[in-house]
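Heads up, the thing below is written out as structure tokens.
The values are calculated or read from the model by the stated rules, or taken from the named source; none is laboratory data. The structure displayed is predicted, hence computed values, not measured ones. Cβ coordinates were reconstructed from backbone atoms using ideal geometry, including for glycine residues, and neighbour counts include every protein chain displayed. Protein only, heavy atoms only, side chains kept; ligands, DNA and RNA dropped before computing areas. Shrake-Rupley method; radii C 1.70, N 1.55, O 1.52, S 1.80 Å.
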Amino acid sequence: ALGALLYMPAHNKNIEDILLRQKYPSLTSVVLCLEDAISDDELESTERFLINLLKNSVQENCHYMGYAPMIFIRVRNPDHFESIYKQLGDLSCLTGYVLPKFDSCNAEHYLHVLKEVNSHALRPVYCMPILESSKVMYRESRVDELTKLHRIIANNRELVLNIRIGVTDLCGLYSIRRSPETTIYDIGVVRDCISDIVNFFSRAASDYVISGPVWEYFEKDRSYQLGYTSGLIREIILDKANTLLGKTIIHPNHIPVVNSLYAVTQEEFRDAQDIIGSKQNGVLKSSYRNKMNEVKPHLNWAQRVMRRAHVYGVLNEGQTHVDLLEAIVVAENESKHRIDAEIQYSR
């Protein structure tokens, strides 16, 4: 249900408008970054700004709002994590923490701090580890590292909301940066790494949620409203094909794109219903008469589709993701104009 996770530097002056005044109505989750997005000489002032904002304005108002996005803080390392949570205390407005450079050397330390956080919390505080280290990327160490990480995460499953993949850092290990026309799956060494992460964490028996990697381009022309294929749309389609769900974004224009593409089509929904509701274990002809549905091997897929339908909804017959995206964009533009006027008036 995280959907499009908006990544922002923690000193962004629009944070209050975004969190408290619903500047982007369909925003469901946000990361306030204290790591790579903040230079070392700005860290202390940024921490003061963020802690004051969360402890006062956001915490005081979140109880009275009908809607607020899930809020996560991205820390720098386990020691920084401990320092930040001690300054923040127990905040009901905070959903959790993003743990960068998560590997077998620091994972236990990170999770020890998280358990300490939860020992004082009135509600669960989650983490989202980011797999982006050279140990995960380099082939000679990858399997051993993923084996260790899978064991550590499995022992703390109730605290791990999902697994994230830091493809910017992984690409950096090879001096690679993908273009806006290129998906991450076109980069062979990164695709292979994602494939192995999926192999470890997306098995039906454990079924962790693995989120799609960050899309780092703005695409301000918004040509996707007209249904043109963009790198972002192509990458989300490939994310879905590889079981990745949700996506880190850096521009609010991408919120409706990501969330609309996770809606379930009527055909997917009907097939999933038929498979789950079948009284036999054999082969069924699809209601759409264009495929066979095998109950046993397709059952896990069907259950996942139904979970996605519960969160993102089901398209009506004859409607496409483009139709939904266009409708969302129109509704959001109308809402944004109203909210911008309210923000301006309040100032």
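Brief remarks follow.
- Solution diffusion estimate, µm²/s, Stokes-Einstein, region 1-142, Kirkwood Rh from C-alpha pairs, 37 °C, viscosity 0.692 mPa s: 208
- Cα convex hull of region 73-192, projected area averaged across orientations, nm²: 8.2
- Subtracting the Cα-Cα distance of Q266 and H80 from their residue separation scaled by 0.36 nm leaves 62.3 nm.
- Each Lys or Arg adds one and each Asp or Glu subtracts one; over the other residues with Cβ under 12 Å from the Cβ of T320, this totals -4.
- Counting only protein heavy atoms and a 1.4 Å probe, region 39-134 has 45 square angstrom of accessible area per residue.
- Using distinct alpha-carbon pairs, which all enter the 1/r mean, Kirkwood radius of the chain in Å: 21.5
- Here the dipole of the chain is about 940 debye; that uses its Cα centre as origin and unit charges on the Cβ of Lys and Arg (positive) and Asp and Glu (negative).
- The fraction of accessible area contributed by carbon and sulfur in region 258-337 is 52 percent, rounded to a whole number (1.4 Å probe; ligands and nucleic acids excluded).
- Inter-centroid distance (Cα atoms) of region 253-312 relative to region 27-87, Å: 38
- Looking at the chain alone, DSSP beta bridges between its own residues are antiparallel in about 10 percent of cases.
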